[in-house]
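The values are calculated or read from the model by the stated rules, or taken from the named source; none is laboratory data. Just so you know, these numbers come straight off a predicted model, no measurement behind them. All Cβ positions, glycine included, derive from the backbone under ideal geometry; neighbour counts span all protein chains shown. Surface areas here come from the heavy atoms of the whole protein model, side chains and all, with no ligands, DNA or RNA. Shrake-Rupley method; radii C 1.70, N 1.55, O 1.52, S 1.80 Å.
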Amino acid sequence: RSSESALLPPKTPIPESPIEKVHSFNELIRPFIEEAFRRREAWGKSDPEFYQRVDKELNANLISIAVPAWSEGRGEALTVITYNLLTGKATSVSCTRETITPEAIRFNKLKHPGRKDIYSLGIGTNMFLYGTGGFDLVRRVIQDETGLAADFVVYVDDMAVHDFIRDVAGNKVEIEVKDKLHLKDADFDKRWGFDPNGFIVEPGKHEMTATQTMRYILASDIETKPGKGNQPPGRKKDILKAAFHAASARFRQDGKGIIASALLFFTKQKLGGRINADFDIGMLTGLAAKIPVAISGESSFGLPDFEPDDVMINDEFFGDGGLMR
C-alpha cells in the first residue's frame, strides 16, 4: 500500500481561509477547487508556455471561470469571474470583444490559410473566440490577456442570460444608472423591443424585467458619454452583478427552491444548446445535493459576494484605453 501511494503525484495544497464562513463554503465547492488545481498541474506539465501566459502567484488563491456570452449579430462578450479562496469575494474581469487578439489571429490563419479578410471579419478579435476555436481558444486568450488560469469555461447565449434573470433571479433586477443615457435598439434584433427614435434611461435606480434588461444591455449609444458604466460592456457587467444579487436574495429566502431552479435552468439550457461548459454537469448535481445540508447546518450560510471594483480590458485603438471608440 505504501509503495502504491509513493507512485501517486503529490496533492496540490488548497489555501485555507482564515474566515470560517468562507472556509465552510470552500469545503462545499471543494470538488471544483480540486479540479481547478488538478487542471493547472496537467496544463503546466503538457504545455511549456502555460506559466508564461498564466501568473502563478496571481492565481495561487483564486479559481476563475471564463464566460464567453454570445449575442446574435454582435458576437461574443468575454468576462471572467474570479473567486478568492481566502476572502470569499468574487471579482469580474472583462475583455471587450473588439480587442485585436494575437492568439485568435494565429488560430484563424492556420484554420483559413491564405485568407486575407481575418481582420474585417472580426475573427482576429475577441468577437468569435468560442465560435471559431471552442473552449481551448477562449482559455488561451484569457490567459494571455489577463494572466488568469481560466480554470473553467462556460459559454452562454443571450437567451440563456434572459432566462436566468426570468427563471432564477425572479424576473427582476435592480441597477443604478449614474448618467442619463440615450440608447438605440438594433435594427436587426427586435426581440427585446424596438423604437426607431431610441429610448432614454434616466439616472437613478431602476427595476427591470428580463426583457427590459436585455434591451438595456444590448442597445448601442446614440449619444456617447465617457465612463465605462455607460458603454455596453459596462452595462453588461452591472447586470451580471444585479442578477447575482437578485438570485442571492432569493437564495436567502428559499435556498432549496433556488438551488432546484438553478439546476433545472442549467440542465435545460445545456440540452437546448444555449449553455455549454467544459466540465461534467454531474459536478453541479453533486454540489446541489450538498447545499441543503449546508443550509440546515448553518443558518447564516450564504453565497459569496462581488467586490465593489472590477477590471475592464480594452484595446487602446479606441482612444484612451477606456471604452470610448
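For this structure, a couple of remarks:
- Reachable aspartates and glutamates, given that their alpha-carbon falls under 14 Å from the alpha-carbon of Lys205 and they are not under 8 places away in the same chain: Glu174, Glu176, Asp179, Asp238
- Taking Cβ atoms as reference points and 11 Å as the exclusive limit, the residues near Trp70 contribute a net charge of -1, counting Lys and Arg as +1 and Asp and Glu as -1.
- Per residue value of the accessible surface for the chain (all protein chains in place, 1.4 Å probe), Å²: 51
- Highest mobility in the GNM of the chain, judged by mean-square fluctuation with C-alpha springs under 10 Å and restricted to Pro113, Pro292, Pro31, is found for Pro113.
- Each of Lys109 and Glu27 was given a label point 7 Å from its Cα along the Cα-to-Cβ line. The distance between the two points is 5.2 nm.
- Among residues other than Thr91 with Cβ under 14 Å from its Cβ, the summed charge is -1 (Lys and Arg +1, Asp and Glu -1).
- Distant alpha-carbon pairs in the chain (separation over 29 angstrom), percent: 41
- Carbon plus sulfur fraction of accessible area for the range 112-266, probe 1.4 Å, in percent: 52
- The helix-only estimate of mean residue ellipticity at 222 nm for the chain, built from DSSP H runs of length n ≥ 4 each weighted as -39500 (n - 2.57), is -14000 deg cm²/dmol after division by the residue total.
- Scanning the chain for long hydrophobic helices, with DSSP H runs required to stretch 27 angstrom or more by C-alpha along their axis and to average at least -1.0 on the Kyte-Doolittle scale, returns 232-253.
- Label positions at Lys270 and Ser46, each projected 7 Å from the Cα along the C-beta direction, are separated by 2.0 nm.
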